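Structure in structure tokens, see below.
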């Protein structure tokens, strides 16, 4: 089965606490935002198949924007300010938050029941 999970949790870049690893039966990925000289490194590992490279590393360029959240934090604050002053709505809404929770629940249910769960979340699936 295939699952796409998008979520967020805001931690200071300098705290060194924002690592995550996802492990599957064939591959695993690790995100380390604290690698010196980078904006973070995503590593993809897997044992099979031998004929296809399963070791990949993607490096995000370093973000020199000062402040708690860097360039993305500035963009988020700009989104909020625009929404509050009659501009376009912010991309992150209470509905998108609830959608993320519904997806997590569906992933947990699929794992517990060892079966595929139909899940339609988002503007076209409500």
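Among the candidates 38, 54, single out the residue that is surrounded by 11 or more Cβ atoms within 10 Å (Cβ to Cβ), at pLDDT below 80, assigned to a loop (DSSP other than H, G, I, E, B) and touching a strand residue (DSSP E or B) at 6+ places or on another chain (Cβ under 7 Å).
Details: 38 fails: at pLDDT below 80.
Going through 38, 54 in turn, the sole match is 54.
Here's something else I'd like to know. Of 106, 77, 83, which residue is in a helix (DSSP H, G or I) and under 15 Å from residue 121 (Cβ atoms)?
Values: 77 fails: under 15 Å from residue 121 (Cβ atoms); 83 fails: under 15 Å from residue 121 (Cβ atoms).
The match here is 106.
Of all residues in the range 74-125 being in contact (Cβ under 8 Å) with a residue 40 or more places away in the chain and under 26 Å from residue 60 (Cα atoms), which is surrounded by the fewest Cβ atoms within 10 Å (Cβ to Cβ)? Explain how you work it out, then say what you get.
Within the range 74-125, the first condition is being in contact (Cβ under 8 Å) with a residue 40 or more places away in the chain, and the residues that meet it are 92, 100, 103-104, 107, 110, 116.
Checking which are under 26 Å from residue 60 (Cα atoms) leaves us with 92, 100.
Numbers: 92: 14, 100: 16.
Ranking the qualifying residues of the range 74-125, first place goes to 92.
For the range 63-78, what are the residues that are within 18 Å of the chain's Cα centre (by Cα) and closer than 30 Å to residue 45 by Cβ?
Answer for the range 63-78, where residues must be within 18 Å of the chain's Cα centre (by Cα) and closer than 30 Å to residue 45 by Cβ: 63, 69, 70, 71, 72, 73.
Would you pick out the residues in the range 79-105 that are more than 15 Å from the chain's Cα centre (by Cα) and closer than 27 Å to residue 32 by Cβ? Spell out the reasoning first.
Here is the first cut: in the range 79-105, the ones more than 15 Å from the chain's Cα centre (by Cα) are 79-90, 93-95, 98, 102, 105.
Once the filter is applied, which keeps residues that are more than 15 Å from the chain's Cα centre (by Cα) and closer than 27 Å to residue 32 by Cβ, the range 79-105 yields only 79.
The values are calculated or read from the model by the stated rules, or taken from the named source; none is laboratory data. What you see is a predicted model, and the numbers here were worked out from it, not measured in a lab. A quick note on method: Cβ atoms are made from the backbone with ideal geometry, for glycine too, and the neighbour counts reach across all protein chains shown.
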